[in-house]
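Trainee: Structure incoming, see below.
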Amino acid sequence: MKISPQLDKILGKAWSDIPLDRQDCRYLLTIDERSYESGVLRAAAASIIRSKNDNSAIILGQVGVDVTPCPGGCKFCTFGEDHTQFEEIHLSDEELEEKIADFCKYDDLYGLYLMTMHEYDLDRYLQIVRKAKSLAPKTTQIWANVGDSSLDALKEIRKAGVTGIYHVCRIGEGVDTKLDPKDRVQTMRNALDAGLELYTCCEPIGPEHTVDQLVDNIFIGVEMGITQHAAMRRVAVPGAPLAKYGQISELRLAHIVATISLCSVTVPTMAYMGVHEPNELSYLAGANIITAESGANPRDCQSDTSKNRGMDMARSRKMVFECGFDYLRRGDESKIPMNIEYLIKTDSLI
Ligand code: SF4
């Protein structure tokens, strides 16, 4: 069966390391994810991404540090101040210690995110970063997931030991959230100016979003010099105002992952491609980051997501194996061969 000349041309560019433009991205997103051509696109994206790093994947951990009703008010997030059911939670030093010990038991966690709300106490956050830095192995990087921040605050965060930050200008920012898209993008610039790596994501994707909205969102990251890009579908969390629109399938998410992978792979700083939440179809379409989560999570109503939607380390390792990656990378880029022996050794043959 033949593919269209246009898809053939775009894949030819991708195989030759020629950057894809917005038109290419738009075309790829118009392909039906149930079609043969989508299968070709997803396989090509996986092959190209895997060929760049010896077929390796990484596991990240995320800990929700502080949970308060959030003034960000995002209509898709369980913490939005107008609809949250969460009680305030502030992770204690002991709990942080316990979680890091759990994530890092086998010294194979690439990076650990410390997540807080849109408004946060910088001094407390810096203290937590320093504590996490002292507890985690040298082969685990410490990363931040914080609200909009000034250049000075991000310089402090970097000085405390953070390598990079996750920050996003969301689809519908300023409409489905109370935040200003300009402030979101400025924080991303501040992070780069502070010497931090930037990890971003096209999110939160819902069935009602148009191809043009996705293209505009994807290219914010592509044009900024990101180290990681990703795709996240919006989860129809009960009680969140946008839950009424439903959610896209994992197959559609994988198709979008493949598209973003091919649009990002030529960014000189680009290293890894994420997907939220972890799913096999996306790991066969270019994604190579699995995020294990513990504590509060914006896509979950449970106060400890590892007991509900979140993946733990054992399930994450198993997924890396099942999706055919040859190596797991630590935060210093050293490689651990991924095989049955490793799953047995790390209690992950579940
Ligand atoms: S997504 Fe972030 S900024 Fe928005 S309500 Fe949730 S925690 Fe706040």
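Trainee: Computed from the mean reciprocal separation of all distinct C-alpha pairs, what Kirkwood hydrodynamic radius does segment 3-95 have, in Å?
Mentor: 17.4 Å
Trainee: Could you work out how much longer the chain between LYS345 and ASP183 gets when fully extended? Use 0.36 nm per residue separation minus the Cα distance between them, nm to one decimal.
Mentor: Working it through step by step, the gained length comes to 53.7 nm.
Trainee: Taking amide H positions as placed 1.01 Å from N in the peptide plane, with prolines and chain starts having none, which residues 5 or more places from ILE205, or on another chain, fall under 5 Å of its amide H?
Mentor: Sorted by chain and number, the residues that satisfy this are MET232, ARG233, ARG234.
Trainee: To continue, here is another question. Could you work out the mean projected area of the convex hull around the alpha carbons of segment 13-152, in square nanometres to one decimal?
Mentor: Working: hull surface 50.6 nm².
Answer in nm², one decimal: 12.7.
Trainee: Just to be sure I understand: of the beta bridges DSSP finds with both ends in segment 1-131, what percent are antiparallel, rounded to 5?
Mentor: The answer is about 25 percent antiparallel.
Trainee: I would also like to ask the following. Under the definition of Cα pairs under 8 Å and six or more residues apart, what whole-number percent is the relative contact order of the chain? Working shown, then result.
Mentor: Values: 710 pairs, mean separation 77.3, N = 350.
Worked out over the chain, it gives 22 percent.
Trainee: To check my understanding: the extent here is largest minus smallest coordinate of the Cα atoms along each principal axis. What are those three numbers for segment 5-345, in Å, largest first?
Mentor: 57, 49, 37
Trainee: While we're looking at this one, here's another question. Taking 21 Å as the cut-off for C-alpha to C-alpha distance, list the pairs among LYS178/LYS244; LYS2/LYS52; LYS105/LYS335 that go past it.
Mentor: Beyond 21 Å between Cα atoms: LYS2/LYS52.
Trainee: Just to check I understand the Karplus step: with θ = phi - 60° and J = 6.51 cos²θ - 1.76 cosθ + 1.60, what whole-Hz values come out for segment 149-163, glycine and proline as x?
Mentor: Using θ = phi - 60°, the values come out as 9, 6, 4, 4, 4, 6, 5, 4, 4, 5, 4, 6, x, 7, 8 Hz.
Trainee: Among the lysines, which fall within straight-line cross-link reach of LYS182, defined as a Cα-Cα distance under 22 Å, with same-chain neighbours fewer than 8 residues apart omitted?
Mentor: The reachable lysines, counting only those whose Cα sits under 22 Å from LYS182, are LYS75, LYS155.
Trainee: Please report, in whole Å, how far the alpha carbons of segment 144-298 spread along each principal axis, starting with the longest.
Mentor: Sorted largest first, the three principal extents are 40, 33, 33 Å.
Trainee: What would the Debye equation give as log₁₀ I(q)/I(0) for segment 145-227 at q = 0.17, 0.18, 0.21, 0.22 Å⁻¹, counting only Cα atoms as equal point scatterers?
Mentor: For segment 145-227 at q = 0.17, 0.18, 0.21, 0.22 Å⁻¹, log10 I(q)/I(0) is -0.65, -0.72, -0.93, -1.00.
Trainee: Around LYS105, under 12 Å between beta carbons, what's the net of Lys plus Arg minus Asp minus Glu among the other residues?
Mentor: -3
Trainee: Give me the net charge for the shell around GLN186: Cβ to Cβ below 14 angstrom, other residues only, Lys and Arg +1, Asp and Glu -1.
Mentor: Working: positive: LYS182, ARG184, ARG189; negative: ASP148, ASP152, GLU173, ASP180, ASP183, ASP193.
Here the charged neighbours net out to -3.
Trainee: Let me ask you something else. Would you tally the net charge around THR163, using a Cβ to Cβ cut-off of less than 15 Å, leaving THR163 out, and scoring K and R as +1, D and E as -1?
Mentor: Residues close to THR163 contribute a combined charge of +4.
Trainee: Among ILE256, THR177, THR140, whose Cα lies farthest out toward the positive end of the dipole of the chain, if unit charges sit on the beta carbon of Lys, Arg (+1) and Asp, Glu (-1)?
Mentor: ILE256
Trainee: What list of whole percents do you get for P(r) of segment 1-52, with Cα-Cα distances grouped in 5 Å bins up to the one holding the largest distance?
Mentor: Answer for segment 1-52: a P(r) of 4, 19, 32, 29, 13, 2 percent.
Trainee: For the chain, what is the mean residue ellipticity at 222 nm derived from helices alone (per DSSP H run of n ≥ 4: -39500 (n - 2.57); sum divided by total residues; nearest 500 deg cm²/dmol)?
Mentor: -11500 deg cm²/dmol
Trainee: Sort out the exposed loop GluC sites (Glu not before Pro) in the chain (DSSP loop, at most 14 other Cβ within 10 Å) and tell me the longest stretch that has none.
Mentor: 224-332
Trainee: Mind listing the long-range amide H neighbours of ILE142? Cut-off is under 5 Å, sequence gap 5 or more, other chains count too, H placed in the peptide plane at 1.01 Å from N.
Mentor: Sorted by chain and number, the residues that satisfy this are LEU112, THR163.
Trainee: Continuing with the same structure: Along the charge dipole of the chain, which of LEU112, TYR342, HIS90 sits closest to the positive end, that is, farthest toward it, with unit charges on the beta carbon of Lys, Arg, Asp and Glu (+1, +1, -1, -1)?
Mentor: TYR342
Readers should treat all values here as calculations from the given coordinates under stated rules, not as data from a laboratory. None of these values were measured; they are calculated from a predicted model. Virtual Cβ from ideal backbone geometry, glycine too; neighbours counted across all protein chains shown.
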